[in-house]
Amino acid sequence: MRSGHITLSQRAARDRLLSKWGHTFQKEPIDLQEVFGRQGPFVLEIGFGMGETTAVMASEHLDWNILAIDVYRPGIGALLGKIDKLGLGNIRIVEWDAVDVLEYMIQPETLDAVHIYFPDPWPKKRHHKRRLIQPPFIELLISRLRRTGIVHLATDWPEYAQQMLEVCSAAPALLNTSADGFSPRPSWRPLTKFESRGMRLGHPVADLIFQKR
Ligand SMILES: C[S@@+](CC[C@H](N)C(=O)[O-])C[C@H]1O[C@@H](n2cnc3c(N)ncnc32)[C@H](O)[C@@H]1O
């Protein structure tokens, strides 16, 4: 678990609301229809950070069911606070490593979309192996998507963007929805906190939107 500084209100929200909106990690597949109490679409968001994007997307797309995964406790408290304040009923949180959640909890061919916005770039070469977007991870992710499901990635690290493009383009099951390789930010993806900071530093932002064949 990642700790970091947690404010009193984030801690209080986490203590009070995680049992309501969270789903405990388990080494057993879950039934998403049962978890959300209704049919899809089912969207998985990996690494929601402080949850700003998650909350906006959930309130703008009330028909989406968003399973949001992160290990950062202050962010989990922050997102729970937003769920409560905005009265959102279409987000569930799993506080656990996303690779384990995908592998054990998510059943094959069940997700309509996976969103991974500004994953940790691990800029030092010797740390590149810690990056999330690598071929085995993308294969796992593809296996959990339905046919025509979407993989939407975004980053402000050009060299990681290139890696994402290479890894996704090399997966035969994925089709790039943009002829140019990278896509412009779709209007339904709000700016994230990390993105705004990156933009202030002059980092170019790349979106990648692939579809499962
Ligand atoms: C750089 S932040 C981006 C947060 C947010 N998406 C944004 O754009 O503001 C990356 C987030 O991914 C989370 N994360 C990294 N590896 C993870 C993993 N294996 N499973 C779940 N969350 C992870 C971190 O805790 C962090 O909150």
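Every read-out reported here was derived from the displayed coordinates using simple, explicitly stated rules and does not represent laboratory data. On a predicted model such as this, the values are computed, not experimentally measured, just so you know. Here the Cβ is made from the backbone with ideal geometry for all residues, glycine too, and neighbour counts use every protein chain on show.
Odds and ends about this structure:
- Odd one out for L88 among (1) closer than 20 Å to L141 by Cβ; (2) in contact with a Lys or Arg (Cβ under 9 Å, 6 or more places away or on another chain): (1)
- Residue match in the stretch 173-192 (condition: part of a helix (DSSP H, G or I) and either more than 16 Å from the chain's Cα centre (by Cα) or surrounded by 14 or more Cβ atoms within 10 Å (Cβ to Cβ) (or both)): no
- Residue satisfying condition, being over 28 Å from G40 (Cβ atoms) and hydrophobic (A, V, I, L, M, F, W, C), within set V205, V151, V167: V205
- Given (1) assigned to a loop (DSSP other than H, G, I, E, B); (2) in contact (Cβ under 8 Å) with a residue 12 or more places away in the chain, number of the condition A12 does not satisfy: (1)
- Counted residues, the stretch 120-160 - those being more than 11 Å from the ligand (Cβ to nearest atom), in contact (Cβ under 8 Å) with a residue 40 or more places away in the chain, crowded, with 16+ Cβ neighbours inside 10 Å and hydrophobic (A, V, I, L, M, F, W, C): 4
- Taken as a whole, the structure places L44 among residues that are surrounded by 22 or more Cβ atoms within 10 Å (Cβ to Cβ), closer than 23 Å to L141 by Cβ and not aromatic (F, W, Y).
- Pick from the stretch 26-39, criterion crowded, with 16+ Cβ neighbours inside 10 Å and touching a residue at least 60 places away in the same chain (Cβ under 8 Å), ranking: nearest to V114 (Cα to Cα): L32
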